[in-house]
Structures are given as C-alpha cells and as structure tokens.
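Reviewing the structure listed below.
Since every read-out is calculated from the coordinates, none of them should be taken as a lab result. What you see is a predicted model; the values in this text were computed from it and never measured. Counting neighbours? That spans all protein chains shown, and the Cβs are built from the backbone with ideal geometry, glycine included.
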Amino acid sequence: MKTLSNLRSNFVYAVVGTGAILAFVPFVLSSSYLLQVLIIVLLFVTLGVSWNLLGGYSGQLSLGHAVFFGIGAYGVALLSKPLGQSPWLGLLAGAVLSLPLAAFVGYVCFRLRGPYFTLATIALAEVIRLVVLNSVDLTGGAKGVTVRPLFKGVDKAPWYLLALGLAVFVVLVTYLITRSKLGYYLVAIREDEDAAEAVGVDATGYKMVALAISAFFTSVAGGFFASYLSFIEPDMVLSVERSVEICLLAIIGGLGTILGPVVGALILGLAGEWFRTNLGQAHLLTYGVLLVAVIMFMPEGIVGTMKKAGQVIGKRLSEERRRVTA
C-alpha cells in the first residue's frame, strides 16, 4: 500500500512539475504562431483525456462527443454576445448545461451496447447539430455567431497558460479517478459488464458518472475553443468529424492509459499542422495515411504498444536472468 501511495504521489508531482516548467514557454518563445500551435495541442490533450475516461476506461465508444463540445462553445457565444454576460460565466454555464444533457444521453444510449450505443450517440449529435443549424434567430444558423474572448488583446500567453492549466487539471483528475473505486469499476464494466453487474456493480450508474465528468470537461474545452477563435458555426463544433477527431486522440495514443491521449494530442496536433503548412492540399491524404498506419500496426495505440513491448522485454530479461543464475 505504501509503494502504491508513493507511485501516486510521484505521478502527481511529475505532472505538476512538468506543468510548472511548461508555464515558462510563453516567456521564452517569441513566435506567436508556435504558441498558437501549442495552445491547440493542449486543447487536444484536454479533449482526448476527457473522452478516454468514457471510451477508454469504461469501454463506451462515443462518436457524439461533439454535442458537449458544441454546448460549451455556444454557451460562451450566446451568453457573452446577445445577452451581454461575461464569457467566463458562459464558459461555466455551458459546462453546467452539459450535465443534464449527459444524463439524457446516458439514459437513452446506455440502454444499448456495442455498435448500437455508438450509432445512437452519432444520431443524437446529428439531431442537436440540425437544431442549432435551424435556430437562426438564436444561434445564427449556418452563418455562425461571433464570440467575446475570455482575454482582451492579442497576447496569446494568457490563452496558453489557461489551456495548460486545464490540461494538467484534467490529467490529474482522470489519474485520481482511475486509481479510485470508480476507476476500478469502470475497468470491470469495460472488460465484462454482465460479470460486473453480477457482483453488484451498478454499471449504468457508474457509466453515467463517467459520462458526466467527460462531458463537463469536453464542454469547458468547447467554450475555450469558441472564445479563442471568436467565431463559431455548427459544423465547426457539432459535426461528426469533430467527434471522430476527439476519439482519435485517445485511440492513436492508447485507449485506457493516462498518457495515451497526451501522446495522441502531440502526434495529431503537431503532425497535422506540419502536414497542413508543408504539403498544401495533400495534407489530408498524408494525415489519413498516418492514422491508418498507426491503427493497423499499433492497434493498442502508441503508448499501449510501447507498454506491451516493455512487458515482453522485461519478461525475456527475467527469464534470461533466471537461466544464467540457475
């Protein structure tokens, strides 16, 4: 127990220490463009880690997470612009509003399993997108709506620090959850939901909790995204493509791992930007080939594959050590 506690403390200290070091980046990095790329990567970290709690640890493959992203984005947009409220209040309102929506999504979709659950989340996300698209008087429809920024001025340092703080906080919260009773129950549900229920685990209840936490942080990220860009329209935040992008962050990095979505965010964020700026119109094709290659040759994700390889090497070294000492 003492060793486990030490491991937990070491991980927390490592994450906080890394965050503290990265906080100095905007003060030593003169390029506004590079800082913008890092802001997007940190936003990807928040989205990937948030989705991974539901999709990676509890095994619920949601392709409708753009709903919560969009709720957060439009929460900031509508409260800050037409109603004249602080965008910070809109950020909080959007996150809070995502909770009853998550309860509704869970109530409808958790009655289904496997591909049926996935299809149900896609359908619900598309319904919400069409509602927003046709509510022209409220949301601006396809023309979109401008958003008041959280920070005034052109300095990107406050945006970077907020994105960094949010990413560090979400990683720590997810880590603590996965080391708690809730985390163990979620893994049990992922491995065999019927067996988990047979021993008294309230599968639906715990999946609802995981969805609520995931939706809350995803919504906060959506609000940040909308305020940072100062403009949104339905296809930017509520499309199926956005949902797929969110889940790919965890799938590429490694489902059911803490660092997987972080690695996925670095790979997709940095590689995607490099392809876009250097390959022109061919960047989507190259980007797609990279994703297919990772999925085909690393089905457990980058971190999962490295972890598995490390276990195999460790096992072989142990066998060799026993053979030599025998």
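A few points about this structure:
- Summing charges over all other residues whose Cβ lies under 14 Å from the Cβ of Ile71, with Lys and Arg as +1 and Asp and Glu as -1, gives +2.
- Based on Cα contacts under 8 Å between residues 6+ apart, segment 2-240 shows a relative contact order of 39 percent.
- Using the average count of surrounding beta-carbon atoms within 10 Å as a protection proxy, the listed peptides 201-210, 307-316, 127-136, 238-247 rank, highest first, as 238-247, 201-210, 127-136, 307-316.
- Farthest positive-ward along the chain dipole, Cα basis, beta-carbon charges - from Ile246, Gly301, Phe224: Gly301
- Charge dipole magnitude, Cβ of K and R +1, D and E -1 - segment 182-326, Cα centre, debye nearest 20: 840
- Charged neighbours of Ala309, selected by a Cβ distance under 13 Å, balance to +3 (K, R count +1; D, E count -1).
- C-alpha long axis of helix 115-134 to longest principal axis of the chain, angle in °: 20
- Rounded tilt (10° steps) of 66-80 against the dominant C-alpha axis of the chain: 40
- Formal net charge of residues neighbouring Lys207 (Cβ-Cβ distance under 13 Å; K, R +1; D, E -1): 0
- In terms of its C-alpha gyration tensor, segment 110-218 has an oblate overall shape, because the principal axis ratio a/c (a ≥ b ≥ c, square roots of the eigenvalues) is not below 1.5 and a/b does not outweigh b/c.
- Among Val37, Gly94, Val147 - extreme Cα towards positive end, dipole of the chain, charges at beta-carbon: Val37
- Rounded to the nearest 20 debye, the dipole magnitude of the chain is 820 debye, with +1 charges on Lys and Arg beta carbons, -1 on Asp and Glu beta carbons, and the Cα centre as origin.
- By the helix-only formula, in which each DSSP H run with n ≥ 4 contributes -39500 (n - 2.57) and the sum is divided by residues, the chain has a 222 nm mean residue ellipticity of -25500 deg cm²/dmol.
- Eligible aspartates and glutamates near Lys308 by straight Cα distance, threshold 17 Å, same-chain separation 8 or greater: Glu300, Glu319
- Protection proxy ranking of 220-226, 19-25, 177-183 - average other beta-carbon atoms within 10 Å, highest first: 220-226, 177-183, 19-25
- Note on segment 2-240: lysine pairs with Cα distance below 19 Å, sequence gap of 8 or more or different chains, count 4.
- Segment 2-240: C-alpha gyration tensor shape, a/c 1.5 cut-off, then a/b vs b/c: oblate
- Global geometry of segment 186-326, whether rounded, prolate or oblate, following the gyration tensor of its Cα atoms and the 1.5 cut on a/c: oblate
- Helix 301-325 axis, angle to the chain major axis (alpha carbon atoms, nearest 10°): 10
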